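> Here it is, the structure, as structure tokens.
The values are calculated or read from the model by the stated rules, or taken from the named source; none is laboratory data. Worth saying up front: this structure is predicted, and the values here are computed from it rather than measured. Backbone-built Cβ (ideal geometry, glycine too); neighbour counts: all protein chains shown.
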């Protein structure tokens, strides 16, 4: 059996058919089918599945959109307005201590980070045209955008188990030993904070990942969409680490958005920043087929990136939520307060697995949670991974009172 066949057997896949024949399905589609026909056990169901903030969006957003409403009548700039890219560059400087970022060459505006993560796979494959079996590596559990991007451009999706033994991040030492795989790798996705485990990569880990990318000349796609939700120290940023190296942003692209940071998932506004040469090729691809961000949304987004007060206010509420979680879940279900993000990754094996627990909670209590298995590829190497888990987050009652009512 060839190495490629072994990987296929182990659960690594390629080809668009996997997106249409049921091999890969959205975790939400799988949950909907799991609960289909089962009535909730409460008249007022509680939704704990979607990674959607429930805090108030910044009060100034609607006014900023209205200020620039006339630009709804114009095609928006695909790369982003000068004002928005300038605001993002300034935020990178304040948040990550990185100076000299060129907004014109090192920042691209995205219609939310999800489409950006998916489309980025295209130029990653394109920059190595001699490869007949390109591979795109991703943490396992994975975000659907990663695998969709890989399969959509004909690459093999290779899943790197992120288990408790490896700190819920891919084992870079094990990866570095697989020289055959690295020879055909075009990109590696790493999320920090990871979703749903909430693990945060430290500067040494980021430096190792970047060094590996440069040594084998593949792109490191660093997903930092949960970077502003934390209750302790701020997560390290990949741009900060890269800026201290001789290669600066070479082989690195970082992704972020306003969805989690500013409680604006419906705005569909994000960005990527990093390797200027890669971003130029990426911008040309996006100019042909990717969605733009509407002009008024860009105007409002610039205001959001320029304001930290609303972010700090939301972070204070998340501290209360995690205090609740600590009190309720300490010592149970393998719970640990995550270093970042707002999901909880709980072991449901004592209840027969995540799927059984999800059905029971919905049928008996009207609480909807999502099993961990649908966001994890079955690679046959699951030691240390919560094989059955739930992800959810807490929210105090609308009165602002500290409570034990839990919702997403």
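> Taking residue 248 as meeting all but one of (1) under 22 Å from residue 110 (Cβ atoms); (2) surrounded by fewer than 22 Cβ atoms within 10 Å (Cβ to Cβ); (3) touching a residue at least 24 places away in the same chain (Cβ under 8 Å), write down the number of the exception.
Among (1) under 22 Å from residue 110 (Cβ atoms); (2) surrounded by fewer than 22 Cβ atoms within 10 Å (Cβ to Cβ); (3) touching a residue at least 24 places away in the same chain (Cβ under 8 Å), residue 248 violates only (3).
> Could you tell me whether residue 158 is farther than 25 Å from residue 245 by Cα, assigned by TED's automatic domain parsing to the domain that holds residue 238 and in contact with a strand residue (DSSP E or B) (Cβ under 9 Å, 6 or more places away or on another chain)?
Details: farther than 25 Å from residue 245 by Cα: yes; assigned by TED's automatic domain parsing to the domain that holds residue 238: yes; in contact with a strand residue (DSSP E or B) (Cβ under 9 Å, 6 or more places away or on another chain): yes.
Yes, satisfied.
> Just one of the numbered conditions (1) assigned to a loop (DSSP other than H, G, I, E, B); (2) under 19 Å from the mean Cα position of the chain (by Cα) is not true of residue 250; which one?
(2)
> Still on this structure, please answer the following. For the structure I just gave you, tell me whether residue 107 is assigned by TED's automatic domain parsing to the domain that holds residue 28, in contact with a helix residue (DSSP H, G or I) (Cβ under 8 Å, 6 or more places away or on another chain) and in contact (Cβ under 8 Å) with a residue 60 or more places away in the chain. Talk me through it step by step, then tell me what you get.
On the way: assigned by TED's automatic domain parsing to the domain that holds residue 28: no; in contact with a helix residue (DSSP H, G or I) (Cβ under 8 Å, 6 or more places away or on another chain): yes; in contact (Cβ under 8 Å) with a residue 60 or more places away in the chain: yes.
Judged against the criteria, residue 107 is not a match.
> If you don't mind, another one. Kindly check whether there is at least one residue in region 310-330 that is touching a helix residue (DSSP H, G or I) at 6+ places or on another chain (Cβ under 7 Å) and modelled with pLDDT of 95 or more.
Residues of region 310-330 that are touching a helix residue (DSSP H, G or I) at 6+ places or on another chain (Cβ under 7 Å), as a first pass: 311.
Then drop every residue that is not modelled with pLDDT of 95 or more, which leaves 311.
Looking through region 310-330, at least one residue is touching a helix residue (DSSP H, G or I) at 6+ places or on another chain (Cβ under 7 Å) and modelled with pLDDT of 95 or more.
> Give the residue, chosen from 128, 74, that is in contact with a strand residue (DSSP E or B) (Cβ under 6 Å, 6 or more places away or on another chain), surrounded by fewer than 20 Cβ atoms within 10 Å (Cβ to Cβ) and more than 30 Å from residue 362 (Cα to Cα). Full working, then the answer.
Numbers: 74 fails: in contact with a strand residue (DSSP E or B) (Cβ under 6 Å, 6 or more places away or on another chain).
Exactly one residue qualifies, and that residue is 128.
> A further question follows. Just the residues that are more than 19 Å from residue 341 (Cβ to Cβ) and surrounded by 14 or more Cβ atoms within 10 Å (Cβ to Cβ), please, taken from region 44-56.
Within region 44-56, the first condition is being more than 19 Å from residue 341 (Cβ to Cβ), and the residues that meet it are 44-46, 56.
Across region 44-56, the qualifying residues are 45, 46.
> Given 294, 303, 316, 309, which one is closer than 22 Å to residue 86 by Cβ, free of Cβ contacts under 8 Å to residues at least 60 places away in the same chain and either surrounded by fewer than 18 Cβ atoms within 10 Å (Cβ to Cβ) or more than 22 Å from the chain's Cα centre (by Cα) (or both)?
Details: 294 fails: free of Cβ contacts under 8 Å to residues at least 60 places away in the same chain; 303 fails: free of Cβ contacts under 8 Å to residues at least 60 places away in the same chain; 316 fails: closer than 22 Å to residue 86 by Cβ.
On inspection, the qualifying residue turns out to be 309.
> Do the conditions hold for residue 148, that is, is it out of contact with any strand residue (DSSP E or B) (no Cβ under 7 Å at 6 or more places or on another chain) and closer than 18 Å to residue 237 by Cα?
Numbers: out of contact with any strand residue (DSSP E or B) (no Cβ under 7 Å at 6 or more places or on another chain): yes; closer than 18 Å to residue 237 by Cα: no.
So residue 148 fails the test.
> Same structure again: Kindly establish whether residue 267 is surrounded by 22 or more Cβ atoms within 10 Å (Cβ to Cβ), closer than 30 Å to residue 70 by Cβ and without any contact (Cβ under 8 Å) to a residue 60 or more places away in the chain.
Working: surrounded by 22 or more Cβ atoms within 10 Å (Cβ to Cβ): yes; closer than 30 Å to residue 70 by Cβ: yes; without any contact (Cβ under 8 Å) to a residue 60 or more places away in the chain: no.
Criteria not met by residue 267.
> Do you know which of the residues in region 21-43 that are under 16 Å from residue 359 (Cα atoms) and under 21 Å from the mean Cα position of the chain (by Cα) is surrounded by the fewest Cβ atoms within 10 Å (Cβ to Cβ)? Walk me through how you get there before you give the answer.
If we filter region 21-43 for residues that are under 16 Å from residue 359 (Cα atoms), which is where we start, we get 27-42.
After this cut, where a residue has to be under 21 Å from the mean Cα position of the chain (by Cα) as well, the list is 27-31.
Numbers: 27: 20, 28: 14, 29: 12, 30: 17, 31: 20.
So, considering only residues that are under 16 Å from residue 359 (Cα atoms) and under 21 Å from the mean Cα position of the chain (by Cα), the one surrounded by the fewest Cβ atoms within 10 Å (Cβ to Cβ) is 29.
> For region 260-279, state whether one or more residues are assigned to a loop (DSSP other than H, G, I, E, B), at pLDDT 95 or above and in contact with a strand residue (DSSP E or B) (Cβ under 8 Å, 6 or more places away or on another chain).
Checked against the condition, which is being assigned to a loop (DSSP other than H, G, I, E, B), at pLDDT 95 or above and in contact with a strand residue (DSSP E or B) (Cβ under 8 Å, 6 or more places away or on another chain), region 260-279 yields at least one hit.
> Going residue by residue through region 110-120, is there one that turns out to be under 22 Å from the mean Cα position of the chain (by Cα), closer than 20 Å to residue 248 by Cβ and either touching a residue at least 24 places away in the same chain (Cβ under 8 Å) or in the same structural domain as residue 273 (by TED's automatic domain parsing) (or both)?
Looking for residues that are under 22 Å from the mean Cα position of the chain (by Cα), closer than 20 Å to residue 248 by Cβ and either touching a residue at least 24 places away in the same chain (Cβ under 8 Å) or in the same structural domain as residue 273 (by TED's automatic domain parsing) (or both), one finds at least one in region 110-120, hence yes.
> Here's something else I'd like to know. Hey, any hits in region 80-90 for a residue that's assigned by TED's automatic domain parsing to the domain that holds residue 270 and in a loop (DSSP other than H, G, I, E, B)? Talk me through it step by step, then tell me what you get.
Taking region 80-90 first, the residues assigned by TED's automatic domain parsing to the domain that holds residue 270 are 80-90.
In the following step, the residues that additionally are in a loop (DSSP other than H, G, I, E, B) were identified as 80-81.
Yes, that holds for at least one residue.
> Still on this structure, please answer the following. Test residue 281 against the stated conditions and say whether it is touching a helix residue (DSSP H, G or I) at 6+ places or on another chain (Cβ under 6 Å) and closer than 28 Å to residue 218 by Cβ.
Details: touching a helix residue (DSSP H, G or I) at 6+ places or on another chain (Cβ under 6 Å): yes; closer than 28 Å to residue 218 by Cβ: yes.
Considered against the rule, which asks whether it is touching a helix residue (DSSP H, G or I) at 6+ places or on another chain (Cβ under 6 Å) and closer than 28 Å to residue 218 by Cβ, residue 281 comes out as yes.
> Can I ask one more? When the residues of region 140-170 are filtered to those that are in contact with a helix residue (DSSP H, G or I) (Cβ under 8 Å, 6 or more places away or on another chain) and closer than 17 Å to residue 212 by Cα, which remaining residue is surrounded by the fewest Cβ atoms within 10 Å (Cβ to Cβ)?
Among residues in region 140-170 that are in contact with a helix residue (DSSP H, G or I) (Cβ under 8 Å, 6 or more places away or on another chain) and closer than 17 Å to residue 212 by Cα, the one surrounded by the fewest Cβ atoms within 10 Å (Cβ to Cβ) is 169.
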